[in-house]
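Student: Once you've had a glance at the structure underneath, I'll fire off some questions.
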Amino acid sequence: MTRTTPKLRQYSTFLRVETLESRDVPSTVVFTDDFNRANSANLGPNWTTTVGSVGVTNNASVSTGATNIAVVNGVSTANVALQADVQVPINGQSDGLVARYGGTGDVNYYRADLFNFNGTAYARIYSNVNGTITFLSQSPVSSNTGTLRFEVSGSSQRLFFNNTLVASANDTALTTGGVGIYQASSNVVLDNFSVTDISPVAQTLPLSDDFNTSLNGGLNTDRWTNQSGAFRVTGGVASGFGEIALATVNGVNAANVAVQADVAVNALGQSSLLLARYGGPGDQNYYRADLVNYNGAF
């Protein structure tokens, strides 16, 4: 069967792409915890601490061990958005989120954190597969205090800091698992934790999107899957994040299709593409039509 998936792709940052997408289906919040309860040596009955020690102090989650992982009981999912308020005022502290956890102990998960390295804060994405930790993406950020949102959907991992996309990766090592928090060093504080189901929803033709709405400054993962890199959505346009940004509309497979978008390639070397009959995985197997800026000629 011939497969056709309308999609967006770019080869450089700040490429603008307009018009292409579909219906808005709300995500479902499945768990929240503001930790507003009495001080305790543990997080309570909704949590299991699998590494180190994490408790409640002054209405927040606070670590007491060198490495600390706590997971939410009864939640296992493939596609999820995790969010929490984090802070790392001291060098060496790490404060973050865990998805697709398949431990026991300190193994098998995706991790997104805010890390203080010699006074500079970095937003980072890692994988831990059978104890082997692999760096996937990182970016310096402007503050050591803020809100992290970690979205994991299909092969896409996206990290937002204060509603701005700051790091992205595409990794297939882990497919499902638990969710929770990760804190390295003692006295690391985390608050206002939430878990949202972002399972992709199949779209139908015809479809359109003017990008006037976004999910935390990125493509809505109910409707889009990032196959490579990611997109920022601001001011009614989608701009690629990373050297190659490629996203497909969920659930659209057709032999004969017309794909249209308004594009801009203002910088040398930029290329804006529409793709059809995408077979994947990643950046392969598709038809492509593009507008490219080659030394000022188009």
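Student: Applying the selection to segment 79-89, what residues are under 15 Å from GLN157 (Cα atoms) and outside any strand (DSSP E or B)?
Tutor: Within segment 79-89, just ASN79 meets the criteria.
Student: Do you know which of the residues in segment 148-198 that are more than 20 Å from ASN108 (Cβ to Cβ) and not in a strand (DSSP E or B) is modelled with the lowest pLDDT?
Tutor: ILE198
Yes/no per residue for (1) outside the structural domain of GLN157 (by TED's automatic domain parsing); (2) within 18 Å of the chain's Cα centre (by Cα); (3) polar (S, T, N, Q):
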{"site": "GLN227", "(1), (2), (3)": "yes, yes, yes"}
{"site": "VAL237", "(1), (2), (3)": "yes, no, no"}
{"site": "VAL263", "(1), (2), (3)": "yes, no, no"}
{"site": "LEU268", "(1), (2), (3)": "yes, no, no"}
{"site": "LEU273", "(1), (2), (3)": "yes, no, no"}
{"site": "TYR278", "(1), (2), (3)": "yes, no, no"}
{"site": "GLN284", "(1), (2), (3)": "yes, no, yes"}
{"site": "ARG288", "(1), (2), (3)": "yes, no, no"}
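Student: Moving to a separate point now. GLY229 passes all but one of (1) surrounded by 22 or more Cβ atoms within 10 Å (Cβ to Cβ); (2) modelled with pLDDT of 80 or more; which number fails?
Tutor: Only one criterion in (1) surrounded by 22 or more Cβ atoms within 10 Å (Cβ to Cβ); (2) modelled with pLDDT of 80 or more is unmet by GLY229, namely (2).
Student: Could you check TYR110 against (1) at pLDDT below 95; (2) among the hydroxyl-bearing types (Ser, Thr, Tyr); (3) within 30 Å of ALA202 (Cβ to Cβ) and say which number it fails?
Tutor: All conditions are met except number (1).
Student: What number of residues in segment 90-126 are in a strand (DSSP E or B) and not basic (Lys, Arg)?
Tutor: Looking only at that region, the number is 21.
Student: Could you please give the count of residues in segment 55-106 that are under 18 Å from ASN144 (Cβ atoms) and out of contact with any Gly (no Cβ under 7 Å at 6 or more places or on another chain)? Give the derivation first.
Tutor: If we filter segment 55-106 for residues that are under 18 Å from ASN144 (Cβ atoms), which is where we start, we get 60-63, 83-97.
Of the ones still in play, those that are also out of contact with any Gly (no Cβ under 7 Å at 6 or more places or on another chain) are 60-61, 83-85, 87-90, 92-97.
Matching residues across segment 55-106 total 15.
Student: Here are some conditions: (1) surrounded by 17 or more Cβ atoms within 10 Å (Cβ to Cβ); (2) without any contact (Cβ under 8 Å) to a residue 12 or more places away in the chain; (3) polar (S, T, N, Q). THR132 meets all but one. Which one does it not meet?
Tutor: (1)
Student: Starting from segment 28-51, keep only residues that are among the β-branched types (Val, Ile, Thr), then list their pairs with residues that are exposed (fewer than 13 other Cβ atoms within 10 Å of the Cβ) and part of a loop (DSSP other than H, G, I, E, B) whose Cβ atoms are within a distance under 7 Å, requiring at least 6 positions of separation or different chains.
Tutor: Listed pairs, sorted by first residue: THR50/THR104; THR50/GLY105; VAL51/GLY105.
Student: Here's something else I'd like to know. On the given criteria, is ASN187 outside the structural domain of PHE231 (by TED's automatic domain parsing), surrounded by fewer than 19 Cβ atoms within 10 Å (Cβ to Cβ), touching a strand residue (DSSP E or B) at 6+ places or on another chain (Cβ under 8 Å) and free of Cβ contacts under 8 Å to residues at least 24 places away in the same chain? Working first, answer last.
Tutor: Working: outside the structural domain of PHE231 (by TED's automatic domain parsing): yes; surrounded by fewer than 19 Cβ atoms within 10 Å (Cβ to Cβ): yes; touching a strand residue (DSSP E or B) at 6+ places or on another chain (Cβ under 8 Å): yes; free of Cβ contacts under 8 Å to residues at least 24 places away in the same chain: no.
So ASN187 does not fit the description; no.
Student: Picking from THR134, THR120, THR104, which residue would you name as being of a type outside the set (Asp, Glu) and farther than 23 Å from ASN91 by Cα?
Tutor: Matching residue, one of THR134, THR120, THR104: THR104.
Student: If you don't mind, another one. Of all the residues that make up segment 199-224, how many are modelled with pLDDT of 80 or more, surrounded by fewer than 18 Cβ atoms within 10 Å (Cβ to Cβ) and within 14 Å of the chain's Cα centre (by Cα)?
Tutor: So the count comes out to 0.
Student: Output the number of residues of segment 127-147 satisfying the condition of being in a loop (DSSP other than H, G, I, E, B) and of a type outside the set (S, T, N, Q).
Tutor: Here is the first cut: in segment 127-147, the ones in a loop (DSSP other than H, G, I, E, B) are 130-131, 142-144.
Of the ones still in play, those that are also of a type outside the set (S, T, N, Q) are 131.
Residues that pass the stated criteria total 1.
The values are calculated or read from the model by the stated rules, or taken from the named source; none is laboratory data. A quick note: this is a predicted structure, and the numbers were derived from the prediction, not measured. Neighbour counts are summed over all protein chains in view; Cβ atoms, including those assigned to glycine, are modelled from backbone coordinates with ideal geometry.
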